[in-house]
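Okay, structure first, notes after.
Since every read-out is calculated from the coordinates, none of them should be taken as a lab result. Just so we're clear, the structure is a prediction, and the values are computed from it rather than from any experiment. All Cβ positions, even for glycine, are placed from backbone atoms using ideal geometry, and neighbour counts span all protein chains on display.
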Amino acid sequence: MQPDIRSTIGAELRAMTTPDGTPTIVGYAAIFNSPSEDLGGFREVIRPGAFAAALAGADVRALINHDRNQVLGRTKAGTLLLHEDSRGLRFQINPPDTQFARDLQTSIGRGDVSGASFRFYMFDDPARGQQWRSEPSGVVRELTEIAAIDDVSVAAYPAYLATEVSIRSLEEYRRSQPRRDEAWIVRAWMKLRLEEAVI
């Protein structure tokens, strides 16, 4: 199972100090019912409740830019709180007293760092937790249940990137559709390969 990474631009990321003097970073790793940018031929929408099962008993870390060497908090340690509210997947981090964490809080306060993202896994069964549909604006992948959350990250460059898992799932959906979409698949595949070549 390969992880997907999704970013939230405008994550309402804030660095603050609680009344007792504890530094805290809060924000949203995902926003519900908000279509993503183009992920390589499709858009994605996360529905309320999608994280419920993944959060139950999970040991999730908060990182900087998904760098496992820059740990900001952890659910099992009580330094990362994650929960769904009516808006999305909200996080609250009690960061360590380290130079990289202090630098990050300064960058958030200045507005230099304002994004967040999360690394997650879908179920091996492509029919579980996701639905594909065609709309006038294009193909939409609707996420209703996420298998696991690996990490939430504060991100300097939040970007929506299609992963191999997402593209494979998209191709399965396309194969189930009438052949009139075949040319579209070729265009989406070529666009993805071109973007990979540029990176």
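Can you tell me the FRET efficiency between Asn69 and Glu37 if r is taken as the Cβ-Cβ distance and R0 is 22 Å, rounded to the nearest 0.05?
So the FRET efficiency works out to roughly 0.20.
Ranked for footprinting exposure by Cβ neighbours inside 10 Å, fewest first, Leu72, Leu143, Leu81 give Leu81, Leu143, Leu72. Taking all Cα-Cα distances within the stretch 30-130, those exceeding 17 Å account for 61%. Among Asp151, Asp125, Asp38, sorting on how many other beta-carbon atoms sit within 10 Å of each Cβ, with the fewest leading, yields Asp125, Asp38, Asp151.
Got a sec? How would His66, His83 order by Cβ neighbour count within 10 Å, fewest to most?
His83, His66
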